[in-house]
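Encoded as structure tokens, the structure appears first; notes follow it.
The values are calculated or read from the model by the stated rules, or taken from the named source; none is laboratory data. Treat the numbers as computed from the prediction; the structure is a model and nothing was measured. Note that we place each Cβ from the backbone using ideal geometry, even for glycine, and neighbour counts take in every protein chain shown. All accessible areas refer to the heavy atoms of the entire protein, side chains included, with ligands and DNA or RNA removed. Shrake-Rupley method; radii C 1.70, N 1.55, O 1.52, S 1.80 Å.
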Amino acid sequence: MKSVGKNKIQNLYRKQIKEKRENEKNFIETLLIIILVGILISISAFIGDR
């Protein structure tokens with residue numbers, strides 16, 4: 001009985017770590033996209049001013 005509870009806790013812990021990693025990856029991708037869009041907007045504005 002004790003080992004079953006331990007395995008359950010370990011599986012939950014692994015699941016949380018996996019989800020956390022995926023969330024961090026999504027966050028980084030979103031940040032990169034925002035930065036790229038900002039660069040594109042500033043470049044197009046710079047070209048438009050000429």
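So which residues in segment 11-34 are open to solvent by less than 80 Å² (accessible area, probe 1.4 Å) and not aliphatic (A, V, I, L, M)? Across segment 11-34, the qualifying residue is only THR30. I'd like to check something: does segment 35-50 contain any residue that is open to solvent by 100 Å² or more (accessible area, probe 1.4 Å) and either in contact (Cβ under 8 Å) with a residue 40 or more places away in the chain or not in a helix (DSSP H, G or I) (or both)? Yes.
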